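What follows is calculated from the coordinates using simple rules that are stated; it is not laboratory data. Keep in mind it's a predicted model, so treat the numbers as computed, not measured. Every residue, glycine as well, gets a Cβ built from its backbone with ideal geometry; the counts of neighbours run over all protein chains shown.
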């Protein structure tokens, strides 16, 4: 659950690009050589990561912005973990100092 949806296929379809191989050729014309396996993952999957330079080329080819490709899904984002309220300075704390045993006192 990442909270971000990868929309490459939809963004490509809105520009009449229906096949991954077609987009792969267009990216290669802009200098971005992508293997068939990586292209398949970008086209059909949810990539775990993407280089910003690759994202920039994809956006240039599709004439879109990163927000067209990466859509935040707020309902799938992790919720904040509730924390105990902070104690004010001087209040009793849960930390109890422990005496150090086995040490001698410093010389006087």
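May I ask you to say which residue of 47, 80 is in contact (Cβ under 8 Å) with a residue 40 or more places away in the chain, surrounded by fewer than 16 Cβ atoms within 10 Å (Cβ to Cβ) and not in a helix (DSSP H, G or I)? Step through it out loud before you land on a result.
On the way: 80 fails: in contact (Cβ under 8 Å) with a residue 40 or more places away in the chain.
When all the criteria are applied, what remains is 47.
Could you count how many residues in the range 54-64 are outside any loop (DSSP other than H, G, I, E, B) and touching a residue at least 12 places away in the same chain (Cβ under 8 Å)?
The initial filter retains those residues of the range 54-64 that are outside any loop (DSSP other than H, G, I, E, B), namely 54-62.
Next cut, touching a residue at least 12 places away in the same chain (Cβ under 8 Å) only: 54-55, 57-58, 60-62.
So the answer is 7.
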